[in-house]
Structure formats: structure tokens, C-alpha cells
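J.: Got a structure here, written out as C-alpha cells. Questions coming.
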Amino acid sequence: MPEKENVPNRDRKGTFVKNRQSRSHRSNQKQPQDEFEESVVEIRRVVKVVKGGKNLSFRAVVVVGNKKGKVGLGVASAREVISAIRKAVNLAKRNVIQLPIVNDTIPHEIMVKFNAAKVLLKPAVPGTGIISSTTVRPALELAGVKNVLCKSLGSSTPISVLRAIFKAFEEIKPPEYYAKLRDIDLGQLFHGSIERNEEQ
């Protein structure tokens with residue numbers, strides 16, 4: 001009888017070794033790190049009354065940011081706390097906005113109202129720090145703001161205050177925007193016109 005060839009066995013063995021090496025190579029590779037940091041602002045139990053009884057769930061309010069001007073807010077509900085936080089983080093990452101930062105503070109003063117919440121943000125000199133409530137502080141820190149004055153003038157509900165803060169973030173514009181709008185350069189925007197200074 002003719003001898004059986006062992007080529008298929010060698011192929012299967014070679015394929016097995018190759019797959020094992022590829023798996024070990026993938027495991028040795030470092031996973032890319034996420035650029036955003038997370039902060040859970042609030043976790044609240046929510047009860048919804050239905051015809052058959054009560055449905056219990058948890059609502060999570062999460063803020064994410066890279067401390068370089070990008071920050072996002074996410075609010076989600078789920079039957080479990082971990083699921084609610086995970087959903088809120090994903091929503092926050094999809095709703096990231098860019099906040100212009102000049103010298104570690106905001107470019108200009110702004111007051112914003114959202115429903116019953118009303119907040120006032122003012123730029124601050126270096127060394128001031130973040131003067132705000134514990135609800136707003138995570139959003140400012142993760143955005144990369146180091147010196148700012150914040151005052152809540154309306155409702156103190158965390159979700160309403162954060163909605164107002166992020167509305168203010170969206171309305172804050174960089175100095176270049178106002179310089180282009182007024183058709184002047186940045187020097188005139190910050191220090192006024194040269195002719196006016198000479199007259200004074």
C-alpha cells in the first residue's frame with residue numbers, strides 16, 4: 001500500500017501554531033488609552049408608577065473631558081447602576097463640545113438661564129482656582145479650566161445647573177471670533193485702538 005502523505009497534518013499543525021502566535025502577539029499589544037476622564041456627578045433612584053405597579057430604575061449624570069477644552073455631559077437611566085453609568089458615559093462622549101480656554105480661564109463673562117437654573121461665569125486671574133459648587137466643579141475641571149468664578153442664581157437641581165453650564169460652554173466664543181466680527185485685530189480687541197490710547 002502507498003504511504004499516506006502527512007502534508008494535511010503539517011498544514012493543520014502549522015496553522016495551529018500560527019494562530020497561537022498571532023493570539024499571543026495581539027495580547028502583548030497595548031490597548032489604546034481613552035483620552036477622556038469620567039466623573040459621576042449624581043446617581044438617583046427613579047420610580048415610575050405604571051398600571052401594574054412601580055418600575056424602579058437608576059439615573060446617572062456623568063461628565064467626561066480631556067482637560068484640554070473638550071467636555072461632554074451624559075444623562076441615562078437603567079435598571080442597574082453600572083448600566084446607567086455606562087450608558088451616560090457613552091452619551092457624554094457622543095455629545096462632546098469644544099470650550100475655548102485662554103490663560104487657563106474662559107475668554108469672557110457670561111450669564112445663561114436654562115429652565116429654572118441660572119448661572120454666572122466670570123474669568124479669573126491665575127491663582128484664583130475654581131470657585132464654584134461641587135456640582136459644577138467636575139465640568140470645569142474636566143474642561144481644563146483652572147481659574148474661574150461661578151455663581152448659581154436659580155435652581156440648585158444638579159441636572160438643571162449642569163445643563164445651564166453646558167449651554168454657557170456652547171455660547172462662549174474665542175477672542176478671534178469677536179475680533180473677526182468687529183473687523184479688528186486681537187491687540188485692538190484687548191487693549192483698544194492706538195489712536196484712542198494716545199488721545200487719553
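The values are calculated or read from the model by the stated rules, or taken from the named source; none is laboratory data. Worth saying up front: this structure is predicted, and the values here are computed from it rather than measured. Cβ atoms come from the backbone with ideal geometry, glycine included; neighbour counts cover every protein chain shown. Ligands, DNA and RNA are excluded from the accessible area calculation, which covers all protein heavy atoms including side chains. Shrake-Rupley method; radii C 1.70, N 1.55, O 1.52, S 1.80 Å.
J.: How many residues, within region 82-93, are open to solvent by 20 Å² or more (accessible area, probe 1.4 Å) and in contact with a Lys or Arg (Cβ under 9 Å, 6 or more places away or on another chain)?
T.: Selection size over region 82-93: 0.
J.: Follow-up question, since we're still on this one. Every residue in region 24-44 that is assigned to a loop (DSSP other than H, G, I, E, B) and either modelled with pLDDT of 90 or more or open to solvent by 60 Å² or more (accessible area, probe 1.4 Å) (or both), please.
T.: Those that are assigned to a loop (DSSP other than H, G, I, E, B) and either modelled with pLDDT of 90 or more or open to solvent by 60 Å² or more (accessible area, probe 1.4 Å) (or both): Gln29, Lys30, Gln31, Pro32, Gln33, Asp34, Glu35.
J.: Continuing with the same structure: For region 142-156, which positions are closer than 14 Å to Lys67 by Cα and touching a Pro at 6+ places or on another chain (Cβ under 9 Å)?
T.: Answer for region 142-156, where residues must be closer than 14 Å to Lys67 by Cα and touching a Pro at 6+ places or on another chain (Cβ under 9 Å): Lys146, Asn147.
J.: Moving on to the next point. Would you be able to say whether some residue in region 94-108 is touching an Asp or Glu at 6+ places or on another chain (Cβ under 7 Å), surrounded by 17 or more Cβ atoms within 10 Å (Cβ to Cβ) and modelled with pLDDT of 90 or more?
T.: no
J.: Separate question: Do we find a residue being open to solvent by 20 Å² or more (accessible area, probe 1.4 Å) and free of Cβ contacts under 8 Å to residues at least 12 places away in the same chain anywhere in region 160-169?
T.: No; the residues of region 160-169 include none that is open to solvent by 20 Å² or more (accessible area, probe 1.4 Å) and free of Cβ contacts under 8 Å to residues at least 12 places away in the same chain.
J.: I need the full set of residues from region 97-135 which are within 16 Å of the chain's Cα centre (by Cα) and free of Cβ contacts under 8 Å to residues at least 60 places away in the same chain, in order please.
T.: Gln98, Ile101
J.: For region 45-66, check the following and say yes or no: at least one residue is modelled with pLDDT of 90 or more, surrounded by 10 or more Cβ atoms within 10 Å (Cβ to Cβ) and outside any strand (DSSP E or B).
T.: yes
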